[in-house]
């Protein structure tokens with residue numbers, strides 16, 4: 001299958017809404033951070049696959065900024081799309097909106113950036129189409145992506161150096 005030379009951000013957009021149940025919450029009666037991170041990785045992987053139409057792997061989760069707690073009286077709506085691409089990598093932005101189900105009040109609860117790499121059947125990285133932003137938000141995120149990519153690369157370098165220093169000796 002020949003991929004197009006480019007895709008619009010809107011072609012990679014995914015929206016997922018879930019209700020927050022008691023088993024999804026922590027001792028503060030708010031959504032477990034790890035549960036939300038799982039939702040984020042899941043939806044972002046769909047955006048990445050929609051963009052390249054092949055297998056992908058999560059290369060990094062730059063950050064998850066928890067801005068507001070999400071309670072049991074909320075639904076959680078995640079929106080994701082590809083904001084920028086390298087040769088075989090894709091940056092995906094995820095916006096998390098909580099909605100109070102009784103009042104309808106909606107607030108931005110979290111944001112996250114993830115990087116995925118496109119893979120062929122042998123697990124080797126493959127080129128991906130360019131991404132074309134259209135809305136103000138898409139253009140702003142696209143224009144600031146190079147800086148995030150540089151920060152990501154620098155953080156990876158430091159993580160590898162730290163891993164070399166830490167070793168794998170058992171602590172007991």
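The values are calculated or read from the model by the stated rules, or taken from the named source; none is laboratory data. None of the values given here were measured: they were computed from a predicted structure. When we count neighbours, we look across all protein chains shown, and the Cβ atoms used for this are built from the backbone with ideal geometry, even at glycine.
Scanning region 80-101 for residues that are over 18 Å from residue 7 (Cβ atoms) and exposed (fewer than 15 other Cβ atoms within 10 Å of the Cβ) gives 100, 101. Is at least one residue of region 5-23 closer than 17 Å to residue 149 by Cβ, crowded, with 19+ Cβ neighbours inside 10 Å and more than 9 Å from the chain's Cα centre (by Cα)? Checked against the condition, which is being closer than 17 Å to residue 149 by Cβ, crowded, with 19+ Cβ neighbours inside 10 Å and more than 9 Å from the chain's Cα centre (by Cα), region 5-23 yields at least one hit. Beta carbons closer than 8 Å, at least 6 apart along the sequence or on distinct chains, never pair a first residue in region 90-107 that is over 9 Å from residue 75 (Cα atoms) with a second that is surrounded by 24 or more Cβ atoms within 10 Å (Cβ to Cβ) and modelled with pLDDT under 95. Evaluated against (1) surrounded by fewer than 22 Cβ atoms within 10 Å (Cβ to Cβ); (2) out of contact with any helix residue (DSSP H, G or I) (no Cβ under 6 Å at 6 or more places or on another chain); (3) farther than 14 Å from residue 58 by Cβ, residue 109 falls short on exactly one condition, (1).
Per-residue answers, yes or no, for (1) within 18 Å of residue 101 (Cβ to Cβ); (2) in contact with a strand residue (DSSP E or B) (Cβ under 7 Å, 6 or more places away or on another chain); (3) modelled with pLDDT under 95:
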site	(1), (2), (3)
36	yes, yes, no
40	no, yes, no
51	no, yes, no
65	no, yes, yes
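As a summary of the residue check, residue 104 satisfies the conditions (1) surrounded by 16 or more Cβ atoms within 10 Å (Cβ to Cβ); (2) farther than 22 Å from residue 144 by Cα except for the one numbered (1). Is it the case that region 150-168 has a residue that's touching a helix residue (DSSP H, G or I) at 6+ places or on another chain (Cβ under 9 Å) and closer than 30 Å to residue 31 by Cα? Among the residues of region 150-168, not one is touching a helix residue (DSSP H, G or I) at 6+ places or on another chain (Cβ under 9 Å) and closer than 30 Å to residue 31 by Cα, which makes the answer no.
Of the strands (runs of 3 or more DSSP E) contained entirely in region 53-144, those carrying at least 1 residues that are more than 14 Å from the chain's Cα centre (by Cα) and within 30 Å of residue 29 (Cα to Cα) fall at 74-85, 89-100, 106-119. Residues of region 162-172 that are surrounded by fewer than 10 Cβ atoms within 10 Å (Cβ to Cβ) and either within 17 Å of the chain's Cα centre (by Cα) or in a helix (DSSP H, G or I) (or both): 162, 164, 165, 166.
Set side by side, the residues 125, 159 differ, and just one is more than 28 Å from residue 6 (Cα to Cα) and either modelled with pLDDT of 95 or more or surrounded by 10 or more Cβ atoms within 10 Å (Cβ to Cβ) (or both), which is 159.
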